[in-house]
Amino acid sequence: MTLRNSETDSIRPGQVKEITSLSNPIIKDIKALSQKKNREESGTFLAEGLKLVVDAIDAGWTIRTLIYAKSAKGKPIVDTTAARTIASGGSVLEVSEKVLSSITRRDNPQMVVGLFEVRWKRLVDIRPKHDDTIVALDRVRDPGNLGTIIRTADAAGASAVILIGETTDPFSIETVRATMGSVFAVPVARASVAEFLKWKQGAGVEVIATHLKGSVDYRTADYRSRPTVLLMGNEQAGLPDELAEAADTRVRIPQQGLADSLNLAVATGIMLFEARRRLLALEPRA
Ligand code: SAM
């Protein structure tokens with residue numbers, strides 16, 4: 001999918017266009033990005049919120065279109081962001097709040113939305129160094145879980161997230177929302193099981209799988225000797241044997257109570273902060 005280019009409905013780089021109609025074809029194309037196939041075809045995705053858009057541009061992500069509510073016009077930071085978008089070859093749309101609501105599918109939409117180019121890290125380009133921690137997720141299904149994991153990986157200082165098998169899309173609006181901007185900070189790669197296992201062989205990593213049948217307490221695993229990959233299972237099925245058996249260690253987080261297991265994002269958070277415990281410190285007080 002490409003943004004339309006007819007005489008009346010065109011959106012050209014450098015242009016600021018005012019749109020109030022929900023049936024405008026440009027808006028229809030942007031709304032179509034709610035579907036994965038359209039994001040894949042166009043190589044673009046939406047991110048909501050001024051801070052997030054500014055952070056993404058600062059981090060070097062390519063913005064194709066900045067969309068803001070009329071009421072946000074005139075705010076210095078919005079005007080500067082619009083100027084930066086145009087300077088980098090993008091376009092700017094000034095729209096009604098009704099249009100923003102329909103794009104984001106929210107009653108109280110953010111006043112600013114950015115349409116960015118998708119960016120995947122190639123698995124072969126992930127070459128972990130000694131203190132690196134990487135999260136590998138097997139067939140993660142839930143956008144909220146994936147977004148929370150990317151956000152938590154960012155906060156814990158992890159260097160990448162690898163998505164194994166058929167997973168939910170990290171560039172869906174729900175996932176991006178849940179990352180709170182961390183999707184722009186943490187490289188995300190994708191791989192089949194076979195590709196992941198091949199990469200593991202050459203990457204010099206310690207793969208620590210989390211499993212409800214794991215016999216090692218997660219607090220005693222070796223997170224120091226080599227770069228660490230925390231391998232997490234699917235929300236319903238857990239890790240398949242092929243992945244669990246290929247790991248160097250299978251750990252379990254001890255539990256009490258009735259719950260069979262922890263939520264995937266919670267378990268990943270616990271693992272990340274344990275694996276990186278020695279590397280994380282509060283800022284020294286002034
Ligand atoms: N029914 C699934 C099973 O049998 O594995 C439950 C999956 S659990 C909701 C999703 C993932 O979170 C697991 O595959 C594992 O990676 C992690 N997890 C959840 N609780 C855990 C625990 N107590 N110890 C280790 N990993 C855990």
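Throughout, read-outs are computed from the coordinates displayed, never taken from laboratory work. Keep in mind it's a predicted model, so treat the numbers as computed, not measured. We place every Cβ from the backbone using ideal geometry, glycine too, and count neighbours over all the protein chains shown.
Considering only region 231-271, state which residues are under 25 Å from S192 (Cα atoms) and either surrounded by fewer than 11 Cβ atoms within 10 Å (Cβ to Cβ) or acidic (D, E) (or both).
E235, Q236, A237, D241, E242, E245, D248
Of the residues that make up region 253-270, is at least one more than 8 Å from the ligand (Cβ to nearest atom) and either in a strand (DSSP E or B) or touching a His at 6+ places or on another chain (Cβ under 6 Å) (or both)?
No, because not a single residue in region 253-270 is more than 8 Å from the ligand (Cβ to nearest atom) and either in a strand (DSSP E or B) or touching a His at 6+ places or on another chain (Cβ under 6 Å) (or both).
Among the residues of region 135-175, how many are closer than 22 Å to E274 by Cβ and either of a type in the set (V, I, T) or in contact with a His (Cβ under 9 Å, 6 or more places away or on another chain) (or both)?
Number satisfying all stated conditions: 9.
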